[in-house]
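Data first, discussion second: the structure below is written as structure tokens.
The values are calculated or read from the model by the stated rules, or taken from the named source; none is laboratory data. Since this is a predicted model, take the numbers as computed values, not measurements. Every residue, glycine as well, gets a Cβ built from its backbone with ideal geometry; the counts of neighbours run over all protein chains shown. Protein only, heavy atoms only, side chains kept; ligands, DNA and RNA dropped before computing areas. Shrake-Rupley method; radii C 1.70, N 1.55, O 1.52, S 1.80 Å.
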Amino acid sequence: MKRNVLRTVVAAGFALAASVGAQAQDFPARPVTLIVPWPAGGSTDVGMRALASAAEKHLGQSIVIENRSGGSGTLGPGQMAATARPDGYTIAQIPITVFRFPFMTKTTFDPSTDFTYIIGVSGYTFGVVVRDDAPWKSFQDLTADAKSNPGKINYGTPGAGTSLHITMEQIARQQGIKWTHVPFKGVSESMNALLGGHIDVVSDSTGWAGSVDGGQARLLVTWGAGRTKNWPNVPNLKESGIDLISNSPFGIGGPKGMDPAVVKILHDAFRKGMEEQSYKDSMAKLDQEAFYLDTAAYQAYAMKQVEEQKQLVEELGLRQR
């Protein structure tokens, strides 16, 4: 009887291995869904659509974008981790909030164990904008006013716990100021609130570009290591007297337990897509630079971020009781 049981177990193991191998060999046999955990029309959505269009040429199947916003970019990846099969047909953009949120509040996922990290893609160009008729002509003007009038100035971001929120609070801590955070679902909502006079400031990625270039908004500062290519006359934080860099690199991941062979197919398609001129042109318009990491490097980066974001949340006292 024991021999029969052993044979059954071994046979089942071989059958499973054969099934997985066949799955990888046939992948992809149908379109792949890429979850973008932000609203349509924002900088992430625009960039990921451009990448999907470029990568599907090399994947041999369509890559369908599904916008699933909420939870400061964590709702979509969290739902994927909880419900999607690890077959490569459902993947998601992984914003840095995925590594941060579990230390701020209760989540349904653990970034250390519940995802398969496929490829590092890019980082954002972040900046602070105000209405064109606002009294602040520079970021120093804004922080000086905030220091003189605690709580007077409010700013919008795409959500609590995002890098925009975190960095604004880091700036406040460094400068000894207090301003009021107003979370939105995305940059289109926050910019409408700004231009409508409902908030004073927007901190976000380059979804504000149209309003800045069109003269309705003024870009006070950007948050990269150097000045941007599209707005070279605007200083960065360091030039404004604040020793911070914030660009929030992101990548693409899937549910835990994905077949490495499927991961490689996806990685290779996205890597080749990143080299397509159409994608490079889209990134240039968004003023985003590549942050390519292969699968092993992106996995290591993710584990490092888990530790760094835990420390950051503790330092800023952002854990919700």
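Return the carbon/sulfur percentage of the accessible area of the stretch 180-321, one whole number, probe 1.4 Å, all protein chains in place.
The computed percentage sits at 50.
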The Cα extents of the stretch 101-150 along the principal axes, largest first and rounded to whole Å, are 48, 27, 15
Largest-first semi-axes in Å of the equivalent ellipsoid built from the Cα gyration tensor of the chain are 41, 22, 15
With the label point 7 Å along the Cα-to-beta-carbon line of D145 and a cut-off under 15 Å to each amide N, the hits in the stretch 170-192 are 178-180
Measuring from the longest principal axis of the C-alpha atoms of the chain, the long axis of helix 295-316 (C-alpha) lies at a number of degrees, nearest 10, equal to 40
The answer for the stretch 49-164, accessible area per residue at 1.4 Å probe in Å², is 35
To the nearest Å², the heavy-atom accessible area per residue of the stretch 200-263 with 1.4 Å probe amounts to 39
At q = 0.25, 0.27 Å⁻¹, the log10 of I(q)/I(0) for the stretch 57-111 from a Debye sum over equal Cα scatterers comes to -1.03, -1.14
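Work through the residues other than Y155 whose Cβ is under 15 Å from its Cβ and net out their charges, Lys, Arg +1 and Asp, Glu -1.
Working: positive: R131, K147, K152, R173, K178, R218; negative: D141, D145, E169, E189, D200, D204.
Net local charge, Y155 excluded: 0.
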Computed over the Cα atoms of the stretch 236-294, the Rg and Dmax in Å are 15.8, 48
Taking the chain and counting helices only, DSSP H stretches of n ≥ 4 at -39,500 (n - 2.57) each over all residues, the nearest-500 ellipticity at 222 nm comes to -13500 deg cm²/dmol
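For the stretch 197-315, what does the relative contact order come out to in percent, with C-alpha contacts under 8 Å and a separation of six or more?
Values: 58 pairs, mean separation 21.7, N = 119.
The value is 18 percent.
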Filtered hits (lysines, Cα-Cα < 29 Å from K185, offset >= 8 within chain) -> K106, K137, K147, K152, K229, K238, K256, K280, K285, K304, K310
With a ≥ b ≥ c from the Cα gyration tensor eigenvalues, square-rooted, and the rule rounded for a/c under 1.5, otherwise prolate when a/b > b/c and oblate otherwise, the stretch 260-301 is oblate
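Tell me the relative contact order for the chain as a rounded percent, counting alpha carbon contacts under 8 Å between residues six or more apart.
Working: 603 pairs, mean separation 90.0, N = 321.
28 percent.
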Largest first and rounded to whole Å, the semi-axes √(5λ) derived from the alpha carbon gyration tensor of the stretch 214-268 read 38, 14, 10
The simple spin-label model distance between T113 and D26, using points 7 Å out along Cα→Cβ, in nm, is 3.1
Everything considered on the Cα gyration tensor (a ≥ b ≥ c; rounded for a/c under 1.5, else prolate if a/b is larger than b/c, else oblate), the stretch 14-135 must be described as oblate
Taking Cα pairs closer than 8 Å and at least 6 residues apart, the relative contact order of the stretch 48-158 in percent is 15
Averaged over all viewing directions, the convex hull of the alpha carbons in the stretch 192-291 casts a projected area in nm² of 9.1
Of the convex hull enclosing the alpha-carbon atoms of the stretch 137-242, the direction-averaged projected area in nm² is 6.2
Length gained, K57-D133, 0.36 nm per residue minus C-alpha separation, equals 22.8 nm
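Only sites in a loop by DSSP and with at most 14 other Cβ atoms within 10 Å count here; which GluC sites (Glu not before Pro) in the stretch 214-321 make the cut?
Numbers: sites: E239, E275, E276, E289, E307, E308, E314, E315; in loops: E275, E276, E289.
Of the GluC sites (Glu not before Pro), the ones in loops of the stretch 214-321 whose Cβ has at most 14 other Cβ atoms within 10 Å are E275.
Gain in length, Q174 to N154, computed as 0.36 nm per residue apart minus the alpha-carbon separation, to one decimal in nm?
5.4 nm
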